[in-house]
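Reading through the structure tokens given below for one structure.
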Protein chains: 2
Amino acid sequence: MRRKVTLKQIAKELDVSISTVSKSLRDSPEISEDTRLKVQAFAKLYNYKPNNIALSLKNKKTKTIGIIIPEIVHHFFATVISGIEQVANECGYNVIVCLSDESFDKEVINMEMLANGSTDGFIMSLSKETQQKKDFHHLQEVINQGMPVVLFDRISNDILCDKVIIDDQLAAYEATNFLISKGLKKIALLTTVDYVSVGKLRTDGYLNVLHDHGIEVDENLIIRIEDTEHCDEKINELLENQSIDAILAVNELFAVTALKLAMSKGIKIPEDLSVVAFTDGIISKYSTPTITTISQNGIKMGRKAAEMLIKRLELEDEEDEHYKTEIIETNLIIRESTKS
Amino acid sequence: MRRKVTLKQIAKELDVSISTVSKSLRDSPEISEDTRLKVQAFAKLYNYKPNNIALSLKNKKTKTIGIIIPEIVHHFFATVISGIEQVANECGYNVIVCLSDESFDKEVINMEMLANGSTDGFIMSLSKETQQKKDFHHLQEVINQGMPVVLFDRISNDILCDKVIIDDQLAAYEATNFLISKGLKKIALLTTVDYVSVGKLRTDGYLNVLHDHGIEVDENLIIRIEDTEHCDEKINELLENQSIDAILAVNELFAVTALKLAMSKGIKIPEDLSVVAFTDGIISKYSTPTITTISQNGIKMGRKAAEMLIKRLELEDEEDEHYKTEIIETNLIIRESTKS
DNA sequence: TTTCAACACGAAAACGTTTTCGAAAGGTTT
DNA sequence: AAACCTTTCGAAAACGTTTTCGTGTTGAAA
């Protein structure tokens with residue numbers, strides 16, 4: 001077993017000082033070509049690579065980005081990580097991933113853990129519990145210490161920092177509008193409880209478009225689902241008790257569940273019922289029938305978030321303080337679950 | 001903006017030495033209760049937390065695990081990460097994730113990057129290109145330096161280290177056997193090219209069970225799919241030209257594609273055609289009909305891999321050198337795509 | 001009064017870098 | 001021969017910890 005070689009060892013071996021070795025390897029003109037070449041050859045032979053930890057300590061920069069998300073087993077979040085990793089890689093950064101499991105406490109612990117020197121900045125999406133509690137002291141703390149933070153998707157207006165989102169409200173508006181344009185009137189909404197920021201916004205978009213078309217809002221058609229557990233039950237209830245033309249779901253899971261339940265009742269898709277879902281993930285693409293979705297380009301969100309963070313990191317202490325919120329455009333991807 | 005406070009600053013502020021501060025915070029008996037309490041109060045007030053980088057440098061331990069996988073936008077890999085993260089978290093470790101994008105070069109670069117002090121060990125699954133080239137010098141290098149490595153799923157026998165896999169061959173055997181037990185004879189296999197280790201093993205299991213039942217192997221029924229691009233095309237060819245009773249697919253994607261193509265041709269599932277797939281992911285659960293799968297418990301694999309790595313890390317230099325290969329059991333999850 | 005132990009604390013090294021500054025050696029100019 | 005410049009290198013500080021060892025003070029025992 002050959003342990004990693006350090007400057008000190010090279011110096012000792014060649015009988016020169018550590019400074020000479022360091023300078024030689026960085027091609028300093030201070031060093032004569034003789035010794036420079038000698039050191040470089042030796043270093044190459046022993047495959048010397050500077051120790052990242054020592055560099056981090058010296059430069060006070062780790063070149064790593066901390067990512068904190070609620071879940072990784074979620075296609076959307078996985079795509080965002082993928083996007084972040086792409087630009088991080090291009091810029092010589094590493095990413096260190098922590099999962100909050102939708103828990104406030106885990107989010108805080110992870111953040112404090114990483115904030116103690118492990119990362120230069122954060123990219124994160126808030127856990128449900130954090131959004132519910134509206135307690136952002138851990139974020140504020142980190143921001144106060146001068147570490148940049150970029151929030152995406154699940155954000156809060158109470159936190160001053162860069163953000164990347166889609167225009168949830170507009171997307172919901174347009175998707176619902178699409179359904180209305182097909183002559184559908186009784187449109188149900190499958191959404192989450194209101195404290196989830198995106199759920200709330202999507203609900204607002206839905207309400208607005210109904211209002212703009214003079215369609216009366218029927219509260220019975222708005223199903224707020226707290227946990228995935230009671231998803232089936234609540235949707236079943238809707239299908240049994242209400243006659244509806246279409247469904248707008250705030251995620252794929254609700255959509256595919258509704259779709260399967262409807263089909264099992266003999267309801268024809270899209271003839272009797274149209275379905276549109278947020279998040280263009282795996283399920284929509286491979287379900288039968290395939291589902292019309294609002295694409296939420298995770299890769300692009302991730303890339304954008306990483307770009308914003310790195311830009312701020314390399315800006316040094318310019319202290320722009322001028323935080324931006326980037327909106328990633330969405331597209332309606334029309335598939336088999338809606339009438340053409 | 002209040003930057004992070006250090007021992008030195010506290011020392012200066014309280015007019016004591018750095019050592020005194022450090023010892024006070026670690027409750028050393030060397031320090032009088034007076035100063036100890038004073039220092040602790042001050043530290044708490046200024047929310048002092050030791051700097052991880054400095055600790056890493058001193059202890060020569062980073063308490064982070066490097067994960068290198070081909071892709072993250074793959075449900076299976078996402079679940080493995082999730083499993084790793086669980087035990088890592090329990091043991092006070094962080095995980096730093098790098099993606100190889102199935103590229104040998106990226107795998108090497110990422111590995112060298114992380115090996116220079118950033119992590120204490122690695123958990124990884126080989127990229128396709130690496131498996132094809134059979135070039136493992138980067139892994140060997142790291143192992144020689146004394147960093148533990150745990151391979152999962154896509155492994156190689158040429159590398160001596162801990163491993164976590166499922167018994168791909170046995171699982172394929174049993175799944176095919178299940179199909180045969182339902183009276184099905186003409187069973188097609190949708191697999192990958194042979195250099196992907198798991199593809200090869202699953203193919204072997206398929207071949208063995210046919211042999212054991214005295215069923216002649218028809219090479220026309222074995223479809224080796226290189227890239228997802230020509231997936232449709234090749235499967236279509238199979239369905240057009242051969243009459244088959246069942247399909248065993250080495251992943252969900254092949255299975256759902258076959259399923260959809262078959263249905264579009266009026267073939268009834270499972271009456272006319274049964275389908276079984278490896279990897280119990282999202283697609284199988286939500287496709288219509290739902291797909292019978294061989295569960296490949298990613299969480300459990302991740303947890304096991306992390307446990308093995310951490311055990312070796314904490315073992316210090318015991319140098320067991322006795323590498324283990326853990327087999328995670330699989331289950332056949334019977335759903336609608338196979339006759340009952 | 002001397003000696004010794006206990007107590008409380010500080011100096012310094014170590015981890016592996018980079019960088020600033022100083023200095024020795026050699027050569028060149030007056 | 002004196003003064004000065006250039007070349008080439010090394011010592012040391014710095015990043016933030018922890019830990020070993022040394023040291024000064026105090027009080028008690030001899």
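No value in this document is a laboratory result; all are computed from the given coordinates. Small disclaimer: the values here were computed from a predicted structure and weren't measured. In this analysis, Cβ positions are derived from the backbone assuming ideal geometry, glycine residues included, and neighbour counts consider all displayed protein chains.
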Quick check: Cα centre of segment A:127-175 to Cα centre of segment A:185-223, how many Å?
22
Starting from the amide H of A:Val150, placed 1.01 Å from N in the peptide plane, find each other amide H under 5 Å away whose residue is 5 or more places distant or on another chain.
A:Phe122, A:Ile123, A:Met124
What residues have an amide H closer than 5 Å to that of B:Ser100, excluding those fewer than 5 places away on the same chain, when H is modeled at 1.01 Å from N in the peptide plane?
B:Ile69, B:Glu71
So what are the ³J(HN,Hα) numbers for segment B:222-231, from phi and the Karplus equation (6.51, -1.76, 1.60; θ = phi - 60°), rounded to whole Hz, Gly and Pro as x?
9, 9, 9, 9, 7, 10, 5, 4, 8, 4
What is the distance in Å between the Cα centres of segment A:5-81 and segment B:229-275?
52
Other copies of A:Glu229: label-to-label distances in nm, shortest first, labels 7 Å along the beta-carbon direction
4.8
Using +1 on the beta carbon of Lys and Arg, -1 on that of Asp and Glu, and nothing else charged, what's the dipole of segment A:168-296 about the Cα centre, debye to 20?
400
Say the dipole of the protein assembly as shown comes from +1 at the beta carbon of Lys and Arg and -1 at that of Asp and Glu; which of B:Asn177, B:Ala306, A:Leu7 then lies farthest toward its positive end?
A:Leu7
Local charge sum around B:Leu210 (other residues, Cβ-Cβ under 10 Å, Lys/Arg +1, Asp/Glu -1)?
-2
Please report Rg (one decimal) and Dmax (integer) in Å for the Cα set of segment B:234-312.
16.1, 55
Just counting partner chain Cβ atoms within 10 Å, what average do the residues of peptide A:75-88 show around their Cβ?
3
Please name which of B:Ile269, A:Thr35, B:Ile222 has its Cα lying farthest along the dipole of the protein assembly as shown towards the positive end, using unit charges on Cβ (Lys, Arg +1; Asp, Glu -1) and the Cα centre as origin.
A:Thr35
Let me spell out the model: positive unit charges on the Cβ of Lys and Arg, negative unit charges on the Cβ of Asp and Glu, origin at the Cα centre of the protein assembly as shown. What dipole size does that give, in debye rounded to 20?
1520
In debye, nearest 20: dipole of chain A around its Cα centre with unit charges on the Cβ of K, R (+) and D, E (-)?
1740
Ranking A:His75, A:Gln140, A:Asn52 by how far each Cα lies towards the positive end of the charge dipole of segment A:1-152 (+1 on Lys and Arg Cβ, -1 on Asp and Glu Cβ), the top one is A:Asn52
Where does each of B:Glu33, B:Glu71, A:Glu226 land when they are ranked from fewest to most other beta-carbon atoms within 10 angstrom?
B:Glu33, A:Glu226, B:Glu71
Of the trypsin sites (Lys or Arg not before Pro) in segment A:1-55, which ones lie in a loop per DSSP and count no more than 12 other C-beta atoms within 10 Å?
A:Arg2, A:Arg3, A:Arg26
Kirkwood hydrodynamic radius over Cα pairs of chain A, then Stokes diffusion coefficient at 20 °C and 1.002 mPa s, in µm²/s
94
Using the alpha-carbon atoms, what tilt in degrees (0 to 90, nearest 10) does helix A:168-181 show relative to the longest principal axis of chain A?
30
Could you work out Rg/(2.2 N^0.38 Å) for segment B:7-50, with Rg from alpha carbons only?
0.97
Just want to confirm a number: the relative contact order over segment B:240-290, from Cα pairs under 8 angstrom separated by 6+ residues, in percent.
46
Provide A:Val80, A:Val142, B:Val164 in ascending order of the number of other Cβ atoms located within 10 Å of each residue's Cβ, fewest first.
A:Val142, B:Val164, A:Val80
Given the alpha-carbon gyration tensor of segment B:168-296, what are the semi-axes of its equivalent ellipsoid in whole angstrom, ordered largest first, with each equal to the square root of 5 times an eigenvalue?
19, 16, 15
Using only alpha carbon pairs under 8 Å that are at least six residues apart, calculate the relative contact order of chain A and give it in whole percent.
17
Order by neighbour count: A:Ser337, A:Ser197, fewest other Cβ atoms within 10 Å first, most last.
A:Ser197, A:Ser337
Can you give the Rg and Dmax of segment B:241-284 based on its C-alpha atoms, in angstrom?
10.1, 30
Counting only residues 5 or more apart in sequence or on a different chain, those whose built amide H sits under 5 Å from that of B:Thr192 are B:Ile225
